[in-house]
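Just so it is clear, none of the values below were taken in a lab; they were calculated from the coordinates. On a predicted model such as this, the values are computed, not experimentally measured, just so you know. Here the Cβ positions follow ideal geometry from the backbone for every residue, glycine too, while neighbour counts run over all protein chains shown.
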Amino acid sequence: MRKTMKRGAIALLFFVAFASISPLLASAGHESTNALVFAPVDASPSPRAAGEGKIEFHGGSEPKTRWTVTFTFTDLQPATMYMVVVRGRFGADESPEATAFTTLCRFRTDTAGAGGCWDYLVELRRVGVVQLRANGEDGAPVLQATREAGGPGSITSVPNRFSPRPPRR
């Protein structure tokens with residue numbers, strides 16, 4: 001009986017500790033290492049295409065945050081220009097900029113339809129929807145990674161050494 005009560009108290013303590021910091025971690029959101037898995041969008045011109053990427057936070061506070069982005073893709077159209085775009089890189093919540101797609105990086109595929117890109121960025125307000133588009137920033141979406149349930153694709157975040165730390169209580 002005593003062991004059961006002790007285990008219950010320990011479990012309750014862990015639950016309360018996690019519950020108190022999880023909203024703080026959620027507010028940090030994308031300020032971490034973001035792993036992206038891309039999947040084809042409906043009516044994709046390259047339905048067998050696949051890709052993955054990483055968007056990594058390197059510190060700073062808005063609007064001077066620092067980031068590294070890296071992406072690799074396969075089974076795309078050969079010798080074609082592609083752009084990786086993100087929704088809401090700039091702008092305050094509810095502003096037109098908060099819903100606009102802007103370029104993170106661009107590349108041209110090789111003759112086998114593979115390619116990728118990387119870049120260093122300053123300022124990245126949101127990482128919720130990232131798309132690969134053919135032939136420019138306003139081109140047709142081919143692949144997508146999203147935090148939304150049901151995809152397509154996925155974005156998961158893991159705190160890194162530069163992630164904001166929850167304030168001490």
Notebook entry, point to check: In a shell of Cβ-Cβ distance under 11 Å around residue 139, excluding residue 139 itself, what net charge do Lys and Arg (+1) and Asp and Glu (-1) give?
Noted result: 0
Check: Which GluC sites (Glu not before Pro) from the stretch 33-108 combine a DSSP loop assignment with at most 12 other Cβ atoms within 10 Å?
Finding: 94
Next item on the list: Quick one: order 137, 62 by neighbouring beta-carbon count within 10 Å, fewest to most.
Entry: 62, 137
Checklist line | Fewest-first ranking of 155, 55, using other Cβ atoms within 10 Å as the exposure measure | finding: 155, 55
Margin query: Using Cβ counts within 10 Å as a stand-in for footprinting exposure, how do 132, 121, 76 rank, fewest first?
Written below: 121, 76, 132
